[in-house]
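> Below is a structure I'd like to ask you about.
No lab work stands behind these numbers, since they all come straight from the coordinates. Model, not experiment: these values are computed from the prediction. FYI the Cβ positions are ideal-geometry reconstructions off the backbone, even for glycines, and counts take in every protein chain you see.
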Amino acid sequence: MVKLSSPSKGPISDEDLIAACRWWLRQEPWNGLLRNIDDMLPAEIRDARQTLAKDLVERFAVPHFHEESGEWDDEVGIFDARYDEGSAALQAAGHRAPTTQDCLRATDAIEQMVNDRIETQYRALYGADAPEPASSAAATKEAQQLLSVAWADILSTRAEALKKGGKPSRYADKMETAARIFLNIVGDKPLCQYKPSDMQRFVNGLAELPIKVSEKKEFRGLTYKVAIERNKSLKCSHPTMSETTVRDHRNIVSGLWKRVAADIVGVRDLSGYGITMPDSAASPKDRDPLPPNAITKWLADASRVRLQHMRWLPLVGLLTGMRLAEIVYLQPTDFIEENGLPAVTLWPDLTIDGKEVARELKTKTSKRVVVLPKFLVECGFVAWAKAQPGPFILAGWHQKSADPAHEASKRLNAWMQRLGIHQKTVQVFHSLRHNNKDWIRQYCTDRTADIYNGHAVKGVSGKYGAKSLKEYQAKDIYEAPLPDGVDFSPFLPAMQTPAAPSKRRVSSRG
């Protein structure tokens, strides 16, 4: 066992960390891997010299996150992937469990040690004046490129690829935002100068960044780093990013980094290194279905609202489970019959002033045909929607706002707050989508419910079979009894005032 200089529960010194790394490199599998380096043929070590150390460290010394399973490897790494046990050398000497930064320092140290071993063997084989590989000069020049320059081409190419009908993609905007935040928090440096700890530094900054920072007047004109410090100084600081948002931004940057760093000698693949979620990141809150009495209260109030773009939203959201943006952008031509049943189709692009404009949907599986439950016919909604002049049935949202769905979300939150049925991020309009799924699951399989709501089907078995509703499945949903505990009587024809179609026609500019 290696002797450490300062056994304590305090921070781990560089000296002790390096001593632990040296001890660890004498253990398997590293002992065998280093012997293999010594036994490599001259041509092998020449070809592998530039990338071997990095490849070995990424394979054997770094815990990896598997996107599909959502789990970390727990069998590799100088430190346990959960960062709670540490190496035997450090623990035996009485040090506290290594932090994430200790883990990143250790991987850097190990990579340098392995690289020194490779260089020693290379010089032994080729001599002190050994020539550099032919590609070295070009590779070094590429690795010296600033990240902002390397990312610019990738971002513009991706944005162009994601653009539909001449309209920029929201995901492309999200990629550009994530890239800007990374460059501001970590800094714009040559590619070869970035280290694994930079990804952790980025995540730490995200966890302290106020949500919707660009929309708040306190942070207008400030860089992200300055906005973080300004928010800390406020007496009533703004909420910061949640774990889910932090993880989304990290995944975007990891994907961009993979494209930038591919096959460039001397550039680490930061996307493969594990990060620890900071405690400062807000825990994600799961949305809950609305209680039946809250829905009853909302429907009763909605039935008395004369603004048609407001009154129909709670009822349609509950009985179809459609997302708010999907409803707000419905057009009269979207209302069809599918196997003799009333439905709306989200497949075609939007038609505005005779031009086709891409219909923005959240996911690929969002493109679907939504069967309309019988009550939406009985209460007059379907007939009313078909009678609207267009281009949108809920024209009121499109007359003044550049972002109708966002405006609708704000107004609905205020409405729910006034009724006392709103709970921030937990009980909102989107909660009705949860209510809908609970309801239709009673009358169909989970797979059918996923298809109806535009969710991805689960598992290998679920991916087999039709990706649209069969006629009998659609009929079951159409004829399903209304959700228990909710009073729908205010929307019955005998109880409501007839609603006239909107006479105003809006342009493509809203």
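> Which of the residue pairs K362/K463; K362/K400; K367/K470 have a Cα-Cα distance greater than 21 Å in the structure shown?
K362/K400
> Would you please give the residues with an amide H less than 5 Å from that of I336, counting only those at least 5 places away or on a separate chain, with H modeled from the backbone geometry?
A343, V344, T345
> Could you run the Karplus curve 6.51 cos²θ - 1.76 cosθ + 1.60 with θ = phi - 60° over the stretch 353-363 and give me ³J(HN,Hα) per residue in whole Hz, x for Gly and Pro?
Result, ordered by residue: 6, x, 10, 8, 10, 4, 8, 7, 10, 5, 9 Hz.
> How high is the relative contact order of the stretch 218-290, given as a whole-number percent (alpha carbon pairs under 8 Å, six or more residues apart)?
34
> Could you size up the charge dipole of the stretch 188-237 around its Cα centre, putting +1 on the beta carbon of Lys and Arg and -1 on that of Asp and Glu, and report it in debye to the nearest 20?
Computed about the Cα centre, the dipole is about 160 debye.
> Which loop trypsin sites (Lys or Arg not before Pro) in the stretch 354-459, with loop taken from DSSP, have no more than 15 other Cβ atoms within 10 angstrom of their Cβ?
Passing sites in the stretch 354-459 are K362, K367, K400, K424, R441, K458.
> Can I ask one more? Kindly flag which residue pairs out of K216/K410; K235/K410; K285/K364 have an alpha-carbon separation exceeding 18 Å in this structure.
Long pairs (Cα-Cα over 18 Å): K235/K410; K285/K364.
> How large is the convex hull of the Cα atoms of the stretch 346-401 per residue, expressed in Å³ as a whole number?
113
> Name the residue farthest towards the positive end of the dipole of the stretch 258-386 from the options A281, G340, A300, assuming +1 on Cβ of Lys and Arg, -1 on Cβ of Asp and Glu, about the Cα centre.
A300
> Across bins of 5 angstrom width beginning at 0, how are the C-alpha pair distances of the stretch 161-268 distributed, in whole percent?
Histogram of Cα-Cα distances, whole percents per bin: 2, 11, 20, 22, 17, 14, 9, 4, 1, 0.
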